[in-house]
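Visitor: Before anything else, here's the structure in question.
The values are calculated or read from the model by the stated rules, or taken from the named source; none is laboratory data. Computed from a predicted structure; not experimentally measured. All Cβ positions, even for glycine, are placed from backbone atoms using ideal geometry, and neighbour counts span all protein chains on display. For accessibility, only protein heavy atoms count, side chains too; no ligands or nucleic acids. Shrake-Rupley method; radii C 1.70, N 1.55, O 1.52, S 1.80 Å.
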Amino acid sequence: MRDEKAMRPKARLPAGFRDRDATDIAAETRMLGAIAKVYDAYGFDALQTPAFEYTDALGKFLPDLDRPNAGVFSLQDDDEQWLSLRYDLTAPLARYVAQNFQDLPKPFRRYQIGTVWRNEKPGPGRFREFTQCDADIVGSASPAADAELLMMFADALEAVGLKRGDYVIKINSRKLLDGVLEAAHVDNTKRGTVLRAIDKLDRLGAAGVRALLGQGRKDESGDFTKGADLAASAIDRILSFTAARAGTNAATLDNLAAAVGSSARGQEGVAELRE
């Protein structure tokens, strides 16, 4: 009997996860229903994908392909295949489109609302399990598709109770990212590390991103994150890109044009944003 008591597990919540009561669930149900109604009104089709994907299908979305549990929660099945809980809803969409491309309408307009998981150290206000609301148009290169998504995003925010002036929508172009990385001579082996560093700008500030673009950064707990080890000139160019915002849209676009330099893809992105 004494041994059984010693083996009894302690009731504790895993770090980065949370319990939700009936009030929280009801509020989330109302909010997600309002968002889905907006997506439906714009003519997007709902899609559900499994919580698990084959780990290799996540590809570039993984922080480290050699460590399947770095950034994602992974396990091996009976066939010794690595499976991972989805990190976001973009990788499952890419897999779904690749599998069903011949049968899908072009362009393919889909939305998905679902839980995603991140195997990361949780910080204040951040969780390792949370809900994403995704909407994408696959198969259109027109800037009009992006403009439509921004309109839908604004309508979704207002459908859950926000008003004009309560929110700011920041737009960017993947072509700009490609352009500035090309102008900074960032090779493919460092691309993911650089993009993840840029993504932390709001949380870490320019100094933190500079460290991650360089040799690396030690956080408050003493954990060290290895950096991209870029040259100083490349770091300066990338940070000039992140600081391109000016008092007017025209001035911001001029700063972006300077950041992407002579990259044809980057200049194409600037032109599309001007349009």
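Visitor: Compute from the Cα atoms of the stretch 225-268 the Rg and the Dmax, the latter being the longest Cα-Cα distance, and quote both in angstrom.
Guide: For the stretch 225-268, the Cα-based Rg and Dmax read 12.1, 37 Å.
Visitor: Let me ask another. How many percent of all Cα-Cα pairs in the stretch 22-161 sit more than 23 Å apart?
Guide: 44 percent
Visitor: Given axes a ≥ b ≥ c from the Cα gyration tensor, I'd like to know whether the chain is rounded (a/c under 1.5), prolate (a/b larger than b/c) or oblate.
Guide: It is oblate, given that a/c is not under 1.5 and a/b is not larger than b/c.
Visitor: Tell me whether the stretch 133-207 comes out rounded, prolate or oblate; compute the Cα gyration tensor, take square roots of the eigenvalues as a ≥ b ≥ c, and use a/c under 1.5 as the rounded threshold.
Guide: On the way: a/c = 2.78, a/b = 1.54, b/c = 1.81.
The shape class here is oblate.
Visitor: Using a 1.4 angstrom probe on the protein heavy atoms only, could you order Leu230, Leu176 from most to least accessible area?
Guide: On the way: Leu230 25, Leu176 0 Å².
Descending accessible area places them as Leu230, Leu176.
Visitor: Next question, about the same structure. My understanding is that a pair violates if its Cα-Cα distance is over 26 Å; which of Lys106/Lys200; Lys37/Lys121; Lys200/Lys226; Lys10/Lys218; Lys170/Lys226; Lys121/Lys226 do that in this structure?
Guide: Lys106/Lys200; Lys37/Lys121; Lys10/Lys218; Lys170/Lys226
Visitor: Using amide H atoms built in the peptide plane, which far-off residues or other-chain residues are under 5 Å from Ala244 H to H?
Guide: Amide H to amide H, under 5 Å and 5 or more residues apart or across chains, Ala244 pairs with nothing.
Visitor: Continuing with the same structure: So what's the back-of-envelope 222 nm ellipticity for the chain, counting only DSSP H runs of four-plus at -39500 (n - 2.57) apiece and dividing by all residues, rounded to 500?
Guide: Calculated mean residue ellipticity at 222 nm is -14000 deg cm²/dmol.
Visitor: In square angstrom, what is the accessible area per residue of the chain with a 1.4 angstrom probe?
Guide: Spelled out: the 1.4 Å probe surface of the chain, per residue, equals 63 Å².
Visitor: Next question. Can you give me the relative contact order of the chain as a percent, contacts being Cα pairs under 8 Å and 6 or more apart?
Guide: 15 percent
Visitor: Could you report the accessible area of Leu253 in Å², rounded to 10, computed with a 1.4 Å probe on the protein chains as they sit in the structure?
Guide: Accessible area, nearest 10 Å²: 20 Å².
Visitor: Quick one: with all protein chains in place, what share of the accessible area of the stretch 137-275 is carbon or sulfur, to the nearest percent (1.4 Å probe)?
Guide: 51 percent
Visitor: Counting only the heavy atoms of the protein chains, how much of Met7 is accessible to a 1.4 Å probe, in Å² to the nearest 10?
Guide: Spelled out: Met7, probe radius 1.4 Å, area about 150 Å².
Visitor: Once a ≥ b ≥ c are taken as the square roots of the eigenvalues of the Cα gyration tensor of the stretch 79-224, is the result rounded (a/c under 1.5), prolate (a/b larger than b/c) or oblate (a/b not larger than b/c)?
Guide: rounded
Visitor: Are there GluC sites (Glu not before Pro) in the stretch 107-148 that DSSP marks as loop and that have at most 15 other Cβ atoms within 10 Å, and which are they?
Guide: Qualifying residues, ordered by number: Glu120.
Visitor: Show me the trypsin sites (Lys or Arg not before Pro) within the stretch 140-183 that DSSP assigns to loop and that have at most 14 other Cβ atoms within 10 Å of their Cβ.
Guide: Filter output for the stretch 140-183: Lys163, Arg164, Lys170.
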